[in-house]
2 protein chains.
Amino acid sequence: MLSYQPPLKDIEYVLGDLLDAPATLQNIPAFAEMDKELMMQVLEEAGRFASEVVAPLNAPGDEQGCRYQDGQVKTPDGFAQAYAQFCEAGWPALPCHPEYGGQGLPNTLNCILYEMLSASNHAWTMFPGLLHGAYSCLHQYGSEALKNQYLPKIASGEWLATMGLTESQAGSDLGLLRTRAVMQADGSARITGSKIFISGGEHDMTENIVHLVLARLPDAPAGSKGISLFLVPKYLPEGDGLGARNTVTCTGIEHKMGLHGSATTSLQFDDAIGYLVGEPNRGLAAMFVMMNSARLHVGMQGLGLAGASYASALAYAQERLQSRAAVRPPSRAGQAADPIVLHPPMQRLLMTQRAYVEGGRMLTYWAALLLDTAEHHPDAQAQAKAHGFLALVTPIIKSMMTDQGFAGASQALQVFGGHGYVRETGIEQYVRDARIAMIYEGTNEIQAVDLLLRKVLADNGKVLEDYLQGISDTAQAAQDGAFGACATTLASLINEVRDVSQAIGKAAAQHAALPHLVAPDYLRLLGHVSLAWFWLRAAQRSEALMSQDPELHAGKQNTARYYFDFVLPEVRQHLQVIGNAIAASEQANGNVFLPEILKQYD
Amino acid sequence: MLSYQPPLKDIEYVLGDLLDAPATLQNIPAFAEMDKELMMQVLEEAGRFASEVVAPLNAPGDEQGCRYQDGQVKTPDGFAQAYAQFCEAGWPALPCHPEYGGQGLPNTLNCILYEMLSASNHAWTMFPGLLHGAYSCLHQYGSEALKNQYLPKIASGEWLATMGLTESQAGSDLGLLRTRAVMQADGSARITGSKIFISGGEHDMTENIVHLVLARLPDAPAGSKGISLFLVPKYLPEGDGLGARNTVTCTGIEHKMGLHGSATTSLQFDDAIGYLVGEPNRGLAAMFVMMNSARLHVGMQGLGLAGASYASALAYAQERLQSRAAVRPPSRAGQAADPIVLHPPMQRLLMTQRAYVEGGRMLTYWAALLLDTAEHHPDAQAQAKAHGFLALVTPIIKSMMTDQGFAGASQALQVFGGHGYVRETGIEQYVRDARIAMIYEGTNEIQAVDLLLRKVLADNGKVLEDYLQGISDTAQAAQDGAFGACATTLASLINEVRDVSQAIGKAAAQHAALPHLVAPDYLRLLGHVSLAWFWLRAAQRSEALMSQDPELHAGKQNTARYYFDFVLPEVRQHLQVIGNAIAASEQANGNVFLPEILKQYD
């Protein structure tokens, strides 16, 4: 069974050396007292909880899974106890507001907490994973009465929460949902309908569950503009305790490729009592406001699993002796076989994982700081700028990190060879668990369309240009240093991104299908520009800090070079595809592929 | 549950229109009577067996799995009966020699049979999957006595066979294996040791199992030059029946990510009676002679799963209604949502799958014809040329097709969205089952090193140049046609491959690690050149044949364009990586990555 070592040294490097996170946070009055020591103290504690309490339940939880019977869900042995400990230690409250019993700490710390929890046990982490999203949504849109009644219970973790969006006919397209709500004279509502794929919709971890449910009012417009948000508790609160059982029933759980320990439930609402959250017919908008943080959260899951996979593969590659290396270090002379970490193709697999994981940590923590700035900075302009960048990088992070969560787990499995395909080794569970994150909270294709159409083309590339300008400044500053060649590569890539963005915009005006067709390439392109930016920043920073910790900084510079030489070239593929698609856009607009299939729609 | 439709129309197109396989086979006296009708008759029958008998057992077999108790393995319900039907219909004998009861049909048909079987039920197909490899090995190296005793039983399928290679410390590096063999005065041997990961090492399908086992004789040289091959039957034959139980015991089966219906066994040999096959200490050479066909076989598994995944995704994409398409065909006006096959990012996923599957079919069937030519052509020069090409494309096929078996299953799962992550849909099983093929029969990294170091650099690129010349001829011929732009792209790519191959050779002379480092990129590069060759051939051929079947040929040309515009650009990435690696080879030779880790070996 695999163990989990929290990557505290790398976390400290990114928060301290690379980003100087405390300086950013101290600009925000709510976080004036954040310093690196305090941040690392919290994270060390979080790492201890993840590795000691949650990680040991990962493989057994996968083996045992959740079990459904007569409307009840039993979680794997130990899950509920671990959750009780989680609440006792105050982790649910970490980023919540002090007036509702929260600790008022930065989202950045919460993101890193969830990176470590997901890395330790993705399935278990699904239960508290939606808690903060529900909290934020309710905090922003709920009435005072609802907030006072529910937020303290959610912040303490006493009640867990769900997001009731998906129905069998309405997944990516929530406009199709059919669950109905009827307002009552007393201001409450009655909800009727069926939801599927609701994570944590029923379980034995908390006495109550708070469902946030999308439904239609009788007079609502069709499509996505007629959806309202309701709070539907499993038990109706009564005084300080629980009253009647509401008419929401769990009708089953899914048997899935992975995440066996997470209850993916079907829920039936039969005239269940609920309460409107926010304005009627504005439910989707309320959901989307919290999407940035929810998608960043899913990105952290991908990063966590990619990191755990990489660490396991690296450890195995040092243990496993097989064949002689092409170039043997002196210490190995005369041995029958070498550790496979000495084989260049294994080094490629490991270094690629490392470049994504460590580079991903830089990018995602930077984004988490943007979230704190966007939510808490006193200056409106600083807030708006952070919000713009965050909106731009969120689909990139969600998509790139979850792609790598799956790809990195598979790369790690490849390092383990046949042993990795065997369940008891543990690595194949990462592959199975990681796969879903490319789908939920908006498929990675939807992220790509969101990035290109909504975040880039819709504002004529203004935020993009600000973003690229920042990267360009880094490249400029690095031009004459030891990483000058990388800086030149990045600077010329930025110009290619500018050109190609304009060319797509121009072609899109004529050919509406084109941006949808190239969106996945565009996302990977901009994702690599982002990672390249951080690897160049890291290499530069390490130039200055080398003497403080030569091993750490030499490792960063080595990985930066690897990233530029071996990983970044993926952009050549995407630029060529986009160029080809634009060149062919006259012919390729609309539904020109799969002619035998698509003729049925003519 | 997913059903399986054998892709007979595409098979017929590739064998007939594209490759004119009957003409190639008729040049070989053993296959003088092969015509397209006969070939398709056999394959229609095979398709019926695969879809009607084997496919329905796929999901239940995954659910139930093999069960181990006290040395016995029980296969999933229905597996043994399906195997009995398989033997009754004479399928095991298809490519075997008539003198041993075989049908003497081409390997090409056997390859396509196994493509369909793997697509229907990869786990079940693992049982007969090794039969033909064992047959060939024994046919080429066994004594007359062994051949007469065992080959008829193997050809009829009455006895199944295994390959006993891997030990816990000896996977990719068979030179490390420790199983011992001692020759006896009567010419037999006694085998002692433990093997792991032996597919079909124990089961309830046949009364006897023939193990081909690698072991060391007492006086054998160390490493891979001291390995001998032995035949070790589960029961010793006696007259026409079975005699004593041999001392080979199944000590357990693995619980794996996928292939639950296939018994992956650990075997213990305790002074078991065996018989030397071939020369002492030449066992590995005997194994490697059959590697081309075994690796081609694994490539067919990848192709089969990629094909089944694509077909399922394509069907689902036409059923599932979700969101409105960017460009709606007239027939969809006014509808709330469109079939997702109309969404461009879904078309990308589907077309990419299609380009690999249909292109892969062309490449692999061509290789299968090379195998028939190499084995049966009366002209030694034709044989040698076919053998050279086959040796070159085998690692490409094994690697590219199994990469796509996994990637294509994952792409199909993405088309299914959240529903694809649920077990009952069936698509996630393809992902789990396909993953192992990137590892066994030589990991895809070993394939890459085999291709670049053994197949290209070791003969100074002579076979490669012949191969490229053939591709160049196709490009030349297509220069002035409707696909002239594709032909130009391919012609210039061939020159880049020539240049980069020479540059790697030159750099490798100084820097031994370099070719190992870039081998995975080189394999994908040459793989895409190969697929591009066949897509250009297909496009050209369809130009001439368009009027015969406009739908079929328009579809081929459409996919050819897609392949060149959207898939082939992957080569830009690999060329850039290889270029970067060569440029950095002074610094990057030996173990320069992961400095903090590798310093322990200094």
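The values are calculated or read from the model by the stated rules, or taken from the named source; none is laboratory data. Not measured: the values here are computed from a predicted model. FYI the Cβ positions are ideal-geometry reconstructions off the backbone, even for glycines, and counts take in every protein chain you see. The accessibility values were calculated without ligands, DNA or RNA, using every heavy atom of the protein model including side chains. Shrake-Rupley method; radii C 1.70, N 1.55, O 1.52, S 1.80 Å.
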- The distance between the Cα centres of the range A:268-331 and the range B:506-584, in whole Å, is 33
- Just how large is the dipole of the range A:69-213 about the Cα centre, in debye to the nearest 20, putting +1 at every Lys and Arg Cβ and -1 at every Asp and Glu Cβ? 360
- Just report the Cα centroid separation between the range A:19-97 and the range A:100-168, whole Å. 11
- With +1 at each Lys and Arg Cβ and -1 at each Asp and Glu Cβ, the charge dipole magnitude of the range A:8-289 around its Cα centre, to the nearest 20 debye, comes out at 1060
- Message: At 25 °C and a viscosity of 0.890 mPa s, what translational diffusion coefficient does Stokes-Einstein give for chain A, taking Rh as the Kirkwood radius over Cα pairs? Give it in µm²/s as a whole number.
- Response: 97
- Task: Mind grabbing the interface size between A and B? I mean buried accessible area, both sides, 1.4 Å probe, in Å² to the nearest hundred.
- Result: 8500
- Scalar couplings 3J(HN,Hα) for the range B:520-531 by Karplus 6.51 cos²θ - 1.76 cosθ + 1.60 (θ = phi - 60°), nearest whole Hz, x for Gly and Pro, are x, 5, 4, 5, 5, 4, 5, x, 6, 4, 5, 5
- Cα atoms only, the range A:8-289: Rg and Dmax in Å? 19.3, 58
- Query: Can you pull the percent of the range A:290-442's accessible area that's carbon plus sulfur, 1.4 Å probe, other chains left in place?
  - Reply: 53
- Post the alpha-carbon centroid distance, the range B:194-259 to the range A:342-362, in whole angstrom. 38
- Towards the positive end of the charge dipole of the range B:8-289, with charges on Cβ (+1 Lys, Arg; -1 Asp, Glu), say which of B:16, B:220, B:38 has the farthest Cα. B:220
- Message: 7 Å along Cα→Cβ for the label point: how many nanometres lie between residue A:470 and each equivalent label in the other copies, listed shortest first?
- Response: 5.4
- Message: Ordered shortest first, which distances in nm separate the 7 Å Cα→C-beta label point of residue A:168 from those of the other copies?
- Response: 4.8
- Message: List the residues, sorted by chain then number, that are 5 or more residues from residue B:96 or on another chain and whose placed amide H is less than 5 Å from its amide H.
- Response: B:103, B:104, B:105
- Query: Non-local amide H neighbours of residue A:167 (under 5 Å, H modeled in plane, Pro and chain starts lacking H): which ones?
  - Reply: A:196
- Item | Compactness of the range B:290-442, expressed as Rg and Dmax over alpha-carbon positions, Å | 19.1, 67
- Message: Could you derive backbone 3J(HN,Hα) for the range A:504-519 from the dihedral phi with the Karplus parameters 6.51, -1.76 and 1.60 (θ = phi - 60°), listing whole Hz in sequence and x where the residue is Gly or Pro?
- Response: 5, x, 5, 5, 5, 4, 8, 10, 5, 6, 3, x, 5, 6, 9, 3
- Farthest toward the dipole's positive end in chain A, which of A:273, A:590, A:562, given Cβ charges of +1 (Lys, Arg) and -1 (Asp, Glu) about the Cα centre? A:590
- Item | Top positive-direction residue, dipole computed over the range B:290-442 with Cβ charges, set B:387, B:345, B:440 | B:345
- Query: About its Cα centre, what dipole magnitude does the protein assembly as shown give when the only charges are +1 on Lys and Arg Cβ and -1 on Asp and Glu Cβ, stated in debye to the nearest 20?
  - Reply: 820
- FRET efficiency for residue B:72 and residue B:97 from the Cβ-Cβ distance with R0 = 25 Å, rounded to 0.05, comes out at 0.15
- Message: Given all pairs of different Cα atoms, what value in angstroms does the Kirkwood hydrodynamic radius of the protein assembly as shown take?
- Response: 31.4
- Cα-based Kirkwood hydrodynamic radius, the range B:2-136, one decimal, Å: 15.9
- Rounded to a whole number of µm²/s, how large is the Stokes-Einstein D of the range A:267-372 at 4 °C and 1.567 mPa s, given Rh as the Kirkwood radius over C-alpha pairs? 72
- Put simply, what bits of the range B:422-469 lose 40 Å² or more of accessible area when the other protein chains are there, versus the chain on its own (1.4 Å probe)? B:422, B:423, B:435, B:436, B:439, B:445
- Item | Alpha carbon convex hull of the range A:336-420, volume per residue in cubic angstrom | 94
- Note on the structure: Among the range A:324-346, those whose backbone N falls under 19 Å of a label point 7 Å along Cα→Cβ from residue B:222 are A:324-340
- Note on the structure: For the range B:554-586 the residues that are at least 30 Å² less accessible with all protein chains than alone, 1.4 Å probe, are B:558, B:565, B:566, B:569, B:572, B:573, B:576, B:577, B:580
- Note on the structure: If amide H atoms are modeled at 1.01 Å from N in the peptide plane, then the residues at a separation of 5 or more from residue B:235, or on another chain, having amide H under 5 Å from its own are B:209, B:246
- Here the net charge surrounding residue B:482, from other residues whose Cβ is less than 15 Å away from its Cβ (Lys, Arg +1; Asp, Glu -1), is +1
- Query: Given A:147/A:455; B:398/B:455; A:195/A:234, which pairs have Cα atoms separated by over 25 Å?
  - Reply: A:147/A:455
- Residue-normalised value, i.e. accessible area per residue, for the range A:290-442 at 1.4 Å probe, in Å², stands at 24
- Item | Calculated FRET efficiency for the pair residue B:48/residue A:244, C-beta based, R₀ 51 Å, to 0.05 | 0.30
- Note on the structure: Between residue A:143 and residue A:333, the two model label points (7 Å from Cα along the beta-carbon direction) sit apart by a distance in nm of 8.3
- Which ³J(HN,Hα) values, rounded to whole Hz and listed in residue order, are derived for the range A:18-27 from phi using the Karplus coefficients 6.51, -1.76 and 1.60 in 6.51 cos²θ - 1.76 cosθ + 1.60 with θ = phi - 60°, glycine and proline given as x? 7, 9, 6, 4, x, 4, 4, 5, 5, 6
- Query: Can you give the extra length, in nm with one decimal, that the chain gains between residue A:251 and residue A:41 once fully stretched, where that is 0.36 nm per residue apart less the Cα-Cα distance?
  - Reply: 71.3 nm
- Cα coordinate range in the range A:38-113, projected on the principal axes (Å, largest first): 42, 26, 18
- Task: Calculate the tail of P(r) for the range A:459-602: the fraction of all Cα-Cα distances greater than 28 Å, expressed in %.
- Result: 32
- Task: Work out, in µm²/s and without decimals, the Stokes-Einstein translational diffusion coefficient of the range B:374-416 at 37 °C, 0.692 mPa s, Rh from Kirkwood over C-alpha pairs.
- Result: 265
- Place the label 7 angstrom along Cα→C-beta at residue B:498 and in each other copy, then list the distances from the first to the rest in nm, shortest first. 3.9
- What is the mean number of Cβ atoms from other protein chains located within 10 Å of the Cβ atom of each residue in peptide A:173-183, rounded to a whole number? 2
- Item | Inter-site label distance for residue A:549 and residue A:315 at 7 Å from Cα along Cβ, in nm | 2.0
